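Q: Got a structure here, written out as structure tokens. Questions coming.
The values are calculated or read from the model by the stated rules, or taken from the named source; none is laboratory data. Predicted model only: the values in this text are computed from it and were never measured. Glycine also receives a Cβ, built like all others from the backbone with ideal geometry; neighbour counts cover every protein chain displayed. Please note that ligands, DNA and RNA were not included when accessible areas were found on the heavy atoms of the full protein model with its side chains. Shrake-Rupley method; radii C 1.70, N 1.55, O 1.52, S 1.80 Å.
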Amino acid sequence: MTKYLIRRLIIAVPTLLGISVVIFVILSLAPGDPFSELALNPNVPVEVRENLRRQLGMDDPIHVRYVKWLTSLLQGNLGYSFVSRVDVTQLIWQRLPTTLFVMGSAYVIALLIAVPVGVISAVRQYSWLDNLATTLAFIGFSLPTFFTGLIFILVFSIYLRWLPMVFTTNIQATGPAWFLEILRHAIMPIMVLALFEGAVLTRYVRASMLDVIRMDYINVARAKGLSERAVIIRHGLRNALIPVVTIMALQIPGIFTGAIVTEQIFRVPGIGSLLISSIQLKDTPVVMAIVFAYAVLVVVFNLIADLAYGVLDPRIRYD
Amino acid sequence: MAAGPGFAPAAARTAEAVLARPPRTLWADAWRQFRRHRLAMFGLFVLSFMVVATAFGPFVYPVGFNEIDMTQRLKPPSPAHPLGTDDLGQDILARILFGGRVSIAVGLAAMFIAVTIGTAVGAVSGYFGGTVDQVLMRLTDLFIALPPLPLLLLVIYLFRDPVRNVFGPELGIFLLMVTVIGSLRWMPVARLVRASFLSIKEKEFIEAARCIGVPGFRMAVVHMLPNALSPVIVAASLGVAAAILQESTLSFLGLGFPPDMPTWGRLLFDAKDRLDMAPHWAIFPGLAIFLTVLSINFIGDGLRDALDPRKVS
């Protein structure tokens, strides 16, 4: 297991390097200069500007700049924000927990919806329940997250006045009251994401379960007199979940898309909204670091999915 | 099974009658199968309606999409404005009809690019195998690991102005968006085509074609590619829906088309701060996106049932 983990980590390195090259090339090809603002400022003399450029290495050839950037990246130094002069690493660490909290809870809820619904749908294929679930799943993943988000705000914040429109983590309460407040703020962004992901996953759980319950070993389990429940859950579901784990890993870049949109709608202070605001402010180091952070998260979650494989499927050998 | 009663009429049928019947083609069979999928037919109907409405609607509907009327601001639906007006008194129906053209065109064009790249990469990879395959598949894996929306945002933001200067504001952003969405969506197609090519390569008819001296390129394009198309068609139809969603997402984040190009996502972006006063402004464009994407997804599902020979059930 440890050996396998190490090997997977080593495979992840070229992927990350590749991603960093892609991002760096895109940024370098782009016209526009963070110092153009300075150029418009008559109070900054030309020599000062040129000195600054040289100091920051803006005039070096592209491969030199890449190596410099990568070296400081490996030392955990992502540079400073052009706008707020704050360490980029610090900025990201401030925002990351909120993003992971919203995304993580959304994914857990999505699974809690998708697994039972998908299993029931498959076991009772073509029943009214299955038809209903399949149709709802279709509707669920055809509804864009930004539209669901607006509908939620319209219904729960504007008409019913139950929930606040804007997310805040700054809550002045303790104990159960604090938890309730968090819930009130976080439930809409989380549910928007969870419903979308739940709909996508339901279809995969159903399809995978349909494949599995046709297998001979399911008949064997029934024939030896196990209860239907044990047959479906212990023999069926466990096998059906193996391909679903792959799909979940492949879905992760997609969830980031949803998370950026929800963060924007509900003004969740996560890295998604930081990305949008940095793009608007032309804050290159922050933009670059966040895009790279997303890429790292994708690789990390893929790794977790690979390891989850082993837990679910004892046939996989780690050598 | 012995020759049951079901065989008698068939035996009685004359050979001429059988030969006179028009031959069943792959596509006719697929269409027969597709028609049986009720939701797919529903999707086809709704999508045709949307396409016809956005293509011809702006000619038929009398109100211009950018006619400003400050006396009619944020009005709910009424006979004069069936879907209401926005904060400049512009007619929302007219804007949805016009915006739909852009949204659907972006979806189709982006998918066309994605399918072209994907098919080329997949075909080369599957046909040659070996090192070429290894390199191309690693590249595909790398692209799969890229987070699409952050990258799209990055590219569009960085290149928006220069592209606009070269091609003009509308065409420029259209080309940029289509290229970027397309070049971040080809990976599933490449994998599907590669997988099909790998299995087709081993078939007898390819061996036969090689025996009669079919050259390599012709082999790949004429003999292998058509047999790899079914999964590509399904992926392409679903990809159009995804590309439309991606365009609306970008426009919704304010990084898509300029405000005078009212795509569906852009309409929602403009509407989102007036939800309390003018909910209709957000609901109708949102419904347009939803219905289009839903019907394309249904069609994709129907196509999968009709074209996939190894489908379950």
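Q: Could you check segment B:253-301 and list, in sequence order, the residues that are more than 9 Å from every other protein chain (Cβ to nearest Cβ), within 26 Å of A:MET165 (Cα to Cα) and part of a helix (DSSP H, G or I)?
A: B:TRP264, B:ARG266, B:LEU267, B:ASP270, B:ASP273, B:ARG274, B:HIS280, B:TRP281, B:PHE284, B:ALA288 - these are the residues of segment B:253-301 that are more than 9 Å from every other protein chain (Cβ to nearest Cβ), within 26 Å of A:MET165 (Cα to Cα) and part of a helix (DSSP H, G or I).
Q: Checking the condition touching an Asp or Glu at 6+ places or on another chain (Cβ under 8 Å), farther than 28 Å from B:LEU192 by Cα and among the hydroxyl-bearing types (Ser, Thr, Tyr), which residue from B:THR71, B:THR85, B:THR54 passes?
A: Checking each option against the conditions leaves just B:THR85.
Q: Consider A:PHE152 against the criteria (1) among the aromatic types (Phe, Trp, Tyr); (2) touching an Asp or Glu at 6+ places or on another chain (Cβ under 9 Å); (3) over 21 Å from A:ALA295 (Cα atoms): it satisfies all of them except one. Which criterion is unmet?
A: Unmet condition: (2).
Q: State whether one or more residues within segment A:164-173 are within 14 Å of chain B (Cβ to nearest Cβ), touching a residue at least 24 places away in the same chain (Cβ under 8 Å) and touching a Ser or Thr at 6+ places or on another chain (Cβ under 8 Å).
A: For segment A:164-173, residues within 14 Å of chain B (Cβ to nearest Cβ), touching a residue at least 24 places away in the same chain (Cβ under 8 Å) and touching a Ser or Thr at 6+ places or on another chain (Cβ under 8 Å): present.
Q: Okay, moving on. Could you grab me the full set of residues in segment A:222-260 that are among the hydrophobic types (A, V, I, L, M, F, W, C) and closer than 18 Å to A:PHE196 by Cα?
A: Matches in segment A:222-260: A:VAL244, A:VAL245, A:ILE247, A:MET248, A:ALA249, A:LEU250, A:ILE252, A:ILE255, A:PHE256, A:ALA259, A:ILE260.
Each row is one residue, and each column tells you yes or no for (1) out of contact with any Phe, Trp or Tyr (no Cβ under 9 Å at 6 or more places or on another chain); (2) free of Cβ contacts under 8 Å to residues at least 60 places away in the same chain; (3) open to solvent by less than 60 Å² (accessible area, probe 1.4 Å); (4) farther than 20 Å from B:LEU245 by Cα.
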position: B:GLY126; (1), (2), (3), (4): no, no, yes, yes
position: B:PRO147; (1), (2), (3), (4): no, yes, yes, no
position: B:VAL178; (1), (2), (3), (4): no, no, yes, no
position: B:GLU202; (1), (2), (3), (4): yes, yes, no, yes
position: B:ARG210; (1), (2), (3), (4): yes, yes, no, yes
position: B:ARG218; (1), (2), (3), (4): yes, yes, no, yes
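Q: How many residues does segment A:108-126 hold that are open to solvent by 40 Å² or more (accessible area, probe 1.4 Å) and under 18 Å from A:ILE247 (Cα atoms)?
A: Residues that pass the stated criteria total 7.
Q: So, one more: For the structure I just gave you, tell me whether A:GLU263 is open to solvent by 10 Å² or more (accessible area, probe 1.4 Å), out of contact with any Asp or Glu (no Cβ under 8 Å at 6 or more places or on another chain) and more than 10 Å from every other protein chain (Cβ to nearest Cβ).
A: So A:GLU263 fails the test.
Q: Now for a different question. If I go through segment A:12-53 residue by residue, how many of them are of a type in the set (Val, Ile, Thr), surrounded by 14 or more Cβ atoms within 10 Å (Cβ to Cβ) and at pLDDT 75 or above?
A: 5
Q: Moving on to the next point. Select from segment A:109-127 the residues that are at pLDDT below 90 and under 21 Å from A:MET191 (Cβ atoms) and list them in ascending order.
A: none
Q: Within segment A:119-157, take every residue that is in a helix (DSSP H, G or I), at the interface with another protein chain (Cβ under 7 Å from one of its Cβ atoms) and hydrophobic (A, V, I, L, M, F, W, C) and give me the one that is nearest to A:GLU228 (Cα to Cα).
A: Once the filter is applied, the top-ranked residue is A:PHE138.
Q: Between A:THR257, A:THR284, which is within 13 Å of the chain's Cα centre (by Cα) and either under 19 Å from B:LEU151 (Cβ atoms) or not charged (D, E, K, R) (or both)?
A: A:THR257 is the lone residue from the list that is within 13 Å of the chain's Cα centre (by Cα) and either under 19 Å from B:LEU151 (Cβ atoms) or not charged (D, E, K, R) (or both).
Q: Could you please let me know if A:ASP211 is open to solvent by less than 70 Å² (accessible area, probe 1.4 Å) and either among the hydrophobic types (A, V, I, L, M, F, W, C) or modelled with pLDDT of 85 or more (or both)?
A: No.
Q: Answer yes if at least one residue in segment B:199-213 is more than 30 Å from B:TYR157 (Cβ to Cβ), more than 9 Å from chain A (Cβ to nearest Cβ) and touching a Lys or Arg at 6+ places or on another chain (Cβ under 7 Å), and no otherwise.
A: Checked against the condition, which is being more than 30 Å from B:TYR157 (Cβ to Cβ), more than 9 Å from chain A (Cβ to nearest Cβ) and touching a Lys or Arg at 6+ places or on another chain (Cβ under 7 Å), segment B:199-213 yields no hits at all.
Q: What's the number of the only condition in (1) hydrophobic (A, V, I, L, M, F, W, C); (2) within 21 Å of the chain's Cα centre (by Cα); (3) open to solvent by 40 Å² or more (accessible area, probe 1.4 Å); (4) within 14 Å of chain A (Cβ to nearest Cβ) that B:LEU139 fails to meet?
A: All conditions are met except number (2).
Q: If A:LEU136 satisfies all but one of (1) more than 24 Å from A:PRO189 (Cβ to Cβ); (2) open to solvent by 30 Å² or more (accessible area, probe 1.4 Å), what's the number of the condition it fails?
A: Exception for A:LEU136: condition (1).
Q: Something else now. Among the residues of segment B:249-271, is there at least one that is open to solvent by 10 Å² or more (accessible area, probe 1.4 Å) and either within 26 Å of B:ILE200 (Cβ to Cβ) or among the β-branched types (Val, Ile, Thr) (or both)?
A: Yes, there is a match, as at least one residue in segment B:249-271 is open to solvent by 10 Å² or more (accessible area, probe 1.4 Å) and either within 26 Å of B:ILE200 (Cβ to Cβ) or among the β-branched types (Val, Ile, Thr) (or both).
Q: Does A:GLY272 count as within 11 Å of chain B (Cβ to nearest Cβ), of a type outside the set (Asp, Glu) and farther than 20 Å from A:VAL25 by Cα?
A: Yes, satisfied.
Q: Could you check segment A:74-107 and list, in sequence order, the residues that are at pLDDT below 80 and open to solvent by less than 30 Å² (accessible area, probe 1.4 Å)?
A: A:GLY79, A:SER81
Q: Ok, one more. Which of (1) within 12 Å of another protein chain (Cβ to nearest Cβ); (2) part of a loop (DSSP other than H, G, I, E, B); (3) in contact (Cβ under 8 Å) with a residue 40 or more places away in the chain; (4) acidic (Asp, Glu) is the odd one out, the single condition B:GLU247 does not satisfy?
A: So the condition that B:GLU247 fails would be (2).
Q: Also: Which residue, of A:ARG206, A:ARG229, A:ARG161, is open to solvent by 40 Å² or more (accessible area, probe 1.4 Å), under 26 Å from A:VAL117 (Cβ atoms) and more than 24 Å from the chain's Cα centre (by Cα)?
A: The unique qualifying residue is A:ARG229.
Q: Would you call B:SER183 within 14 Å of another protein chain (Cβ to nearest Cβ) and open to solvent by less than 70 Å² (accessible area, probe 1.4 Å)?
A: For B:SER183, the condition - within 14 Å of another protein chain (Cβ to nearest Cβ) and open to solvent by less than 70 Å² (accessible area, probe 1.4 Å) - is met.
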